[in-house]
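Participant: My questions all concern the structure below.
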Amino acid sequence: MELENTAIAAGENPQEQAFSRAAILLLKGIVSRGKDEALWQDILSNQTGLQDYFRRLGLTLIIDELDEYAYLRQEENSGLPHLVPRYPLSYNLSMLLVQLRKVLAEYDRAAGSSRVVISFEDILRRMEPFLPVQINEMKYRQSVEHLVRAAMRMGFLQKIKGKDTDYEVRPILRSFVDAQWLDDFAQRLEAYEKYGQDRHADTVAENGEGEMMDELIRDDD
């Protein structure tokens, strides 16, 4: 693979090594300035070269300098195999992302601090109408913890250091769960809410997390 050959050849050239490291880590997932300042600067300084390189792979490099993150978007019509992970969403995970997007919208209106932080207790409160009644509170908390871990793996939540129950809602969620995504989701929200309320009222425990949807998180711009 060209990327691997480039990485091997980059050993003696610091500029090529920086380029290869940036390309490899972008292929692995979301990059944020807060996690790696040196990597962020490498992406900015190699922006044109990285864009040209990824274009040949059917990918678009998205850089948000305001919120300080970068990621790759798959061009659906490229005819090339998918390199960017695609995440099928369950009903429960879809509802969690909608609730987190609402938190970002509330922050945008309030224009508060630089980070949007939500507590696990607040997540529990927001999700309660959409999850079925569990046998006990512990099982309900475990269900929500499972969803939170999924959102963290996708890069939309990040645990606050030193605070085990607080999470940062990462700004990149705005790009993935954007106005078009929310508009499409809103067309089905009434049915989803009825489904969630029916499950919430049903005292019979369910084994699964809900029927998997074909929906994928993506930037629909």
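Where a number appears in this text, it was derived from the coordinates with a stated rule and is not lab data. Bear in mind that the values here come from a model prediction, so they are computed numbers and not experimental data. Note: ideal-geometry Cβ built from the backbone for every residue, glycine included; neighbour counts use all protein chains shown.
Participant: Give me the net charge of Gln99's neighbourhood, meaning all other residues with Cβ under 10 Å from the Cβ of Gln99; Lys, Arg count +1, Asp, Glu -1.
Facilitator: That works out to +3.
Participant: Here is a follow-up. Among rounded, prolate and oblate, which fits segment 54-95 when a ≥ b ≥ c are the square roots of the eigenvalues of its C-alpha gyration tensor, a/c under 1.5 means rounded, and a/b larger than b/c means prolate?
Facilitator: oblate
Participant: Right, another one. List the lysines whose alpha-carbon lies under 22 Å from that of Lys28, not counting same-chain residues fewer than 8 positions away?
Facilitator: Correct list for Lys28: Lys159.
Participant: Take each of the peptides 165-177, 36-48, average the number of other beta-carbon atoms within 10 Å over its residues, and list them starting from the highest.
Facilitator: Descending mean neighbour count gives 165-177, 36-48.
Participant: Spelling out what I want: for every residue of segment 34-50, take phi, set θ = phi - 60°, compute 6.51 cos²θ - 1.76 cosθ + 1.60 (Karplus), and round to whole Hz; glycine and proline get x.
Facilitator: x, 8, 7, 4, 5, 4, 4, 5, 5, 5, 5, 6, 10, 4, 5, x, 5
Participant: Taking the Cα centre of segment 38-97 as the origin, how large is its charge dipole in debye, to the nearest 20, when only Lys and Arg (+1) and Asp and Glu (-1) carry charge on their Cβ atoms?
Facilitator: Its charge dipole is roughly 320 debye.
Participant: How do 115-122, 89-96 rank on mean C-beta neighbours within 10 Å, highest first?
Facilitator: Going from most to least packed, we get 89-96, 115-122.
Participant: Follow-up. If we sort 27-35, 69-77 on the protection proxy, mean other Cβ atoms within 10 Å, highest first, what's the order?
Facilitator: 69-77, 27-35
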